[in-house]
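Enquirer: Below is the structure I would like to discuss, written out as C-alpha cells.
The values are calculated or read from the model by the stated rules, or taken from the named source; none is laboratory data. Just so it is clear, the model here is predicted, and its values are computed rather than measured. Cβ placement follows ideal geometry from the backbone for every residue including glycine, while neighbour counts extend to all protein chains displayed. Quick note on the areas: whole protein, heavy atoms, side chains included, nothing else; ligands and nucleic acids left out. Shrake-Rupley method; radii C 1.70, N 1.55, O 1.52, S 1.80 Å.
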Amino acid sequence: RPLDLTSGQYSLLMSLNRSAPTITETAEFLAMDRTTLTAALKPLERRRLVAVKIDAQDRRLRRLELTPAGRAVLAKAYPLWCQAHGDLEAGVSPSGAGPMRNDLGRLVKMLER
C-alpha cells in the first residue's frame, strides 16, 4: 500500500525481475491469459515501471523489462512484502504456515487431475 502497488502488480514486477521475458512467457509463468496480462501491465507502463519493447530478432514478439524506476520500487516493496507475509504466517497457525502450504499443494495436485 505505501508504494501504491497491488499484490498482483507486485507479483508481476517480481516476475519481470529476470532477462526480458516475452508477453507469452510471462503470461504462462503467471498462469494468466495474454489479455489479462496486457491489462495488468497498463498501469505499470503508465507509471514507467515497466517497458514493452519489440524483440530485436522477431518483431512480432514483445519483451517486458523493468525500468530503473521499476527496479527501485521493487527494491522498496520486497522488504514490505517479506514483513507482511511473515506477519500473516505467524497468525495462520501455531505450527506455522508449512502445514497449510502442504495442504494447498495437495489440493492443487488433486485439482490438476
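Enquirer: What are the pairs with Cβ atoms under 6 angstrom where one residue, in region 1-29, is within 25 Å of Arg60 (Cβ to Cβ) and the other, located anywhere, is open to solvent by 90 Å² or more (accessible area, probe 1.4 Å) and among the aromatic types (Phe, Trp, Tyr)? Sequence gap at least six, or different chains.
Expert: Ser15/Phe29
Enquirer: Scan region 3-13 for residues that are more than 11 Å from Val73 (Cβ to Cβ) and not polar (S, T, N, Q) and jot them down.
Expert: Those that are more than 11 Å from Val73 (Cβ to Cβ) and not polar (S, T, N, Q): Gly8, Leu12.
Enquirer: Could you check region 28-72 and list, in sequence order, the residues that are more than 16 Å from Asp4 (Cβ to Cβ) and small (Gly, Ala, Ser)?
Expert: Ala31, Ala39, Ala51, Ala56
Enquirer: Follow-up question, since we're still on this one. Out of curiosity, is Leu5 buried (at least 16 other Cβ atoms within 10 Å of the Cβ) and assigned to a loop (DSSP other than H, G, I, E, B)? Steps first, please.
Expert: Numbers: buried (at least 16 other Cβ atoms within 10 Å of the Cβ): yes; assigned to a loop (DSSP other than H, G, I, E, B): yes.
So Leu5 fits the description; yes.
Enquirer: Has region 50-73 got at least one residue that is of a type in the set (A, V, I, L, M), in a helix (DSSP H, G or I), touching a residue at least 24 places away in the same chain (Cβ under 8 Å) and out of contact with any helix residue (DSSP H, G or I) (no Cβ under 6 Å at 6 or more places or on another chain)?
Expert: At the first step, the residues of region 50-73 found to be of a type in the set (A, V, I, L, M) are 50-52, 54, 56, 61, 64, 66, 69, 72-73.
Subset that is in a helix (DSSP H, G or I): 69, 72-73.
With the extra rule that they be touching a residue at least 24 places away in the same chain (Cβ under 8 Å), the set shrinks to 73.
Adding the requirement that they be out of contact with any helix residue (DSSP H, G or I) (no Cβ under 6 Å at 6 or more places or on another chain) leaves 73.
The answer is yes; a qualifying residue exists.
Enquirer: When both residues are 6+ apart or on different chains and their Cβ atoms are under 8 Å apart, which pairs have a first residue that lies in region 80-103 and is open to solvent by less than 70 Å² (accessible area, probe 1.4 Å), and a second that is part of a loop (DSSP other than H, G, I, E, B)?
Expert: Glu89/Gly96; Glu89/Ala97; Pro99/Ser93
Enquirer: Which of the residues belonging to region 24-49 are of a type in the set (A, V, I, L, M) and open to solvent by less than 40 Å² (accessible area, probe 1.4 Å)? Write out each step before concluding.
Expert: Going residue by residue through region 24-49, those that are of a type in the set (A, V, I, L, M) are 27, 30-32, 37, 39-41, 44, 49.
Listed by number, the residues that qualify are Ala27, Leu37, Ala40, Leu41, Leu44, Leu49.
Enquirer: For the condition over 28 Å from Glu112 (Cα atoms) and open to solvent by 50 Å² or more (accessible area, probe 1.4 Å), what is the one hit in Val73, Val52? Explain how you work it out, then say what you get.
Expert: On the way: Val73 fails: open to solvent by 50 Å² or more (accessible area, probe 1.4 Å).
Residue meeting the stated conditions: Val52.
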